[in-house]
Amino acid sequence: MDARGQHILYYSEMEKTLDIQDLGQIAYAEAFDLQLRLHKERIAGKIPDTLLLLEHPHVYTLGRHANDNNIVWQEAERRNRSVEVRHVDRGGDVTYHGPGQLVGYPIIKLEERGLTPRSLVAWVENLIIRTVAASGIASYVHPEHPGVWVGDAKICAIGMRIKERVSYHGFALNVNTDLSYFEGIVPCGIQDKSVCSIKSLIGKKTDMDLVKERLIKEAMGTKR
């Protein structure tokens, strides 16, 4: 899959088109502006449902109700580690995005797929669970904390917003992520849990393109 390429896939069980775009590495602000534009176009019916796949440079993002105190590193340390901070309009607290992490932003018109906000999240959860299972990793949905987990460690954060019945924001799957950057925050505001990645669990670096291919394959077959 070429960076910034574009692919059209189909969900046979829903008979709806899903446009999957691989953007490669892209700055958070640029990706957010793109999301907002596509969100408006999806509301207007100008484009089909879309899934953006990408990586970000180092950034901490805080949701609408996040506690700023959950950013542990001071400005000097963040500057030294090239981490920017962004306040965003999704739910949830603070999380990290960076190289080696597969980020997905689904821009989905819920009613056309017969989805509710909860079933859309469940679709994403199942998509991630099936994707990491291809690497031999058994994951699950925690009954109290959003995201996808392996033991007491989160492997994928999920935080979306639904506006005018169309979703944006999405998920962040730790593939080859440098987990030390999570030391600069209290991830998702949860004090007694940790984070993990595919690399940390299997003990070696994983081909990001292969993970993308697996995720796309599962997206084509995952039931809602």
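The values are calculated or read from the model by the stated rules, or taken from the named source; none is laboratory data. For clarity, every value in this text was computed on a predicted model and none was experimentally measured. With ideal geometry, Cβ positions are generated from the backbone for all residues, glycine too; neighbour counts draw on all protein chains shown.
Structure values in brief
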{"quantity": "Region 109-123, residues that are within 17 Å of His39 (Cβ to Cβ), among the hydrophobic types (A, V, I, L, M, F, W, C) and assigned to a helix (DSSP H, G or I)", "calculated": "Leu110, Leu120"}
{"quantity": "Filter result (aliphatic (A, V, I, L, M), at pLDDT below 85 and under 18 Å from Gly151 (Cα atoms)) within region 179-224", "calculated": "Ile190"}
{"quantity": "Number of positions in region 40-99 that are among the small types (Gly, Ala, Ser), outside any loop (DSSP other than H, G, I, E, B) and touching a residue at least 12 places away in the same chain (Cβ under 8 Å)", "calculated": "0"}
{"quantity": "Top-ranked residue in region 143-157 [being more than 13 Å from Ser194 (Cα to Cα) and either aliphatic (A, V, I, L, M) or surrounded by fewer than 16 Cβ atoms within 10 Å (Cβ to Cβ) (or both); ranked as modelled with the highest pLDDT]", "calculated": "Pro143"}
{"quantity": "Residue match in region 103-111 (condition: surrounded by fewer than 20 Cβ atoms within 10 Å (Cβ to Cβ) and either among the aromatic types (Phe, Trp, Tyr) or modelled with pLDDT under 95 (or both))", "calculated": "yes"}
{"quantity": "Residue match in region 168-180 (condition: crowded, with 19+ Cβ neighbours inside 10 Å, in contact (Cβ under 8 Å) with a residue 40 or more places away in the chain and part of a helix (DSSP H, G or I))", "calculated": "no"}
{"quantity": "Residue in region 130-148 that is nearest to Leu102 (Cα to Cα), counting only those that are in contact (Cβ under 8 Å) with a residue 40 or more places away in the chain and hydrophobic (A, V, I, L, M, F, W, C)", "calculated": "Val132"}
{"quantity": "Hey, Ser200 closer than 28 Å to Ala29 by Cα, assigned to a helix (DSSP H, G or I) and among the polar types (S, T, N, Q) or not", "calculated": "no"}
{"quantity": "Those residues of region 152-185 which are closer than 28 Å to His39 by Cα and acidic (Asp, Glu), in sequence order", "calculated": "Glu164"}
{"quantity": "Positions within region 85-129 being touching a helix residue (DSSP H, G or I) at 6+ places or on another chain (Cβ under 7 Å) and among the acidic types (Asp, Glu), in sequence order", "calculated": "Asp93"}
